[in-house]
Each structure stands twice: as structure tokens, then as C-alpha cells.
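Please treat every number below as a calculation from the coordinates, not as lab data. Being a predicted model, the structure only gives us computed values, none of them experimental. Glycine gets a Cβ as well: all are built from the backbone with ideal geometry, and neighbour counts include every protein chain shown.
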Amino acid sequence: MKRPQVRGGVDIIDRAHMEEVLKARLALAAHGSAHLSVETLEWMLRQEKQGANGPKIRPGVPTYNLVLLACWRGIDWNSATKTFNLMTGYHCHDFMDGAVAASPRVDQRPKSQQLIPTAETMSCLLRTALATQNSANMRQCLRIIDHFDKTGELLSVFSKNLAPESTKAMKNWSFHVVKLATAVLEAVNHISANNNARDDELKLWNRLRGEAKRILEADMHKIYAQTPDPAAEEFVPQARRDNEERGQRPLTKYEMAFGSRKSG
């Protein structure tokens, strides 16, 4: 991040600029993009403390979700757990096999720097664990989900209490709720089939599986079926979007004149 100070230096950069950088890396799908995305996230956190742009560059929930999406695509579980720790303050190590803590450690931070994971957050995290095909990673992630599932209903902490109100936001939210429920089913089925979990934990995770089934059987799947993948839509070139929109509306007189000249 180099820019001459006389031109504003790095202090003119804000969160929106950095999220565009993260989206570009996702679109390129380059090898090691997850690690680079985490480095970008850490730079933003340092800049928040040291730079004049402070709160303007502070990562938000969408920023962390972009990094987790890169971790999922890169099948990088270590980067995913590191991102989750940076986001929430929770030490993911305390959810690992052989190190499960009755009360996981949480870093003491201001509320603005200790964010609540959303359905999209947990969906990316669990899908990353599934992509590794490592049962230990799946168990670690299921423990994290169970810890946040305080009221006994899947997704209650990161969906029902924070459900968005606009139609667009509701569709986006429901898409990721279904993604998470699907991932929970797959993870618990994998653990059960391989019979490599303690009975007490398997009982908790079977409850999560039952709640996931209830969500998938609810009317939410109707919204999901009609909603395109927001992650995929994010990378549709603007020119193609413009062309699609132009084909759905009457041509302006300038477009008609241009078209007639071109045909002549």
C-alpha cells in the first residue's frame, strides 16, 4: 500500500476500497489468495490503529466474509480460523480435539472490534472445513457453531435476532441460512457415518442436524430457489449487466439512432 503523502497517502483509503481489492482477488482465484486476503485484513486492522483514516478503514462483517470466502475457495482452514479469531475475538484453538475448553478464551476488545458472526460467516467457515475433508476440522467447526447456538435453535444468534428487513437483504440472508443448514447436515452426516465423535457431542450435533432439516423443509427454500448466488452475482462484469438491462427496456432515441447507423 504505497502512495505519496502529498497525494493523501494511504490515509485516503477506506473499507470500500479494500473490499474491492478483496473482490478482485476472489475473481482472479489465484493460488494463495486466502493467505493474501488475511494479510490485507491484518493491514486494515493495523491501519485502523495507526493511520488517520481510523474508523473509515475498520473491517466490517462483509469484509471478514469476503476473506472467509477466499479461505473456502482456497481450502485454507488455518486462514479461516485465523480470520474468525480476528473477527470475533474467540480463540478457535479452544474448540480443537484434545483442547476443548469449557469456557473458550475471548479477547477483550471494544464492541466495534468484536463482531457477531452471521449466517454467511458460519456458512463459509463450515464449508471450508468440509472442503478440507478433514473430520477434525469439521468437529472443530461444529463445536464453534454449537457454542454460538445459545438458545437451542440453529442460527438463532446470527439470523433470527438480526434478520434484515428489506426484500433484497432478506433474500441474501435466507440464501446463506440455507447454505449453512445444508453444510451442517453434510458435516454431521459425515461425522456420524465415520463414527468418530464422542456420544455427548454427537447428541448435540444431531440436534443441530434436526434444526437444519427443519429449516430446509420450511418455506425459506422457496425464496432460496428463486435467488441467484450473491457470491456469483458479485463478479458479473458491469458491461454484461448493462447489456442485460438494456435488453429488458425500450431503447432510447440515441441507441435507436446508433443502431440504425450501424445497420446501414
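Residue separation times 0.36 nm, minus the C-alpha to C-alpha distance between A218 and I12: what's the value? Please list the in-between numbers first.
Details: separation 206, 0.36 × 206 = 74.16 nm, distance 4.62 nm.
Answer, rounded to one decimal: 69.5 nm.
Give me the net charge of R58's neighbourhood, meaning all other residues with Cβ under 11 Å from the Cβ of R58; Lys, Arg count +1, Asp, Glu -1. Here the charged neighbours net out to +1. Cross-link pairs exceeding 31 Å in C-alpha to C-alpha distance, out of K56/K171; K49/K168; K56/K213, comprise K49/K168; K56/K213. Model label points for A101 and N134, set 7 angstrom from Cα along the Cα-to-Cβ axis, are 2.0 nm apart.
Full extension from N194 to A27: what is 0.36 nm times the residue separation minus their Cα-Cα distance, to one decimal in nm?
Numbers: separation 167, 0.36 × 167 = 60.12 nm, distance 3.56 nm.
Once the chain is fully extended between N194 and A27, it gains 56.6 nm.
Reducing segment 77-95 and segment 179-196 to their Cα centroids gives an inter-centroid distance of 21 Å.
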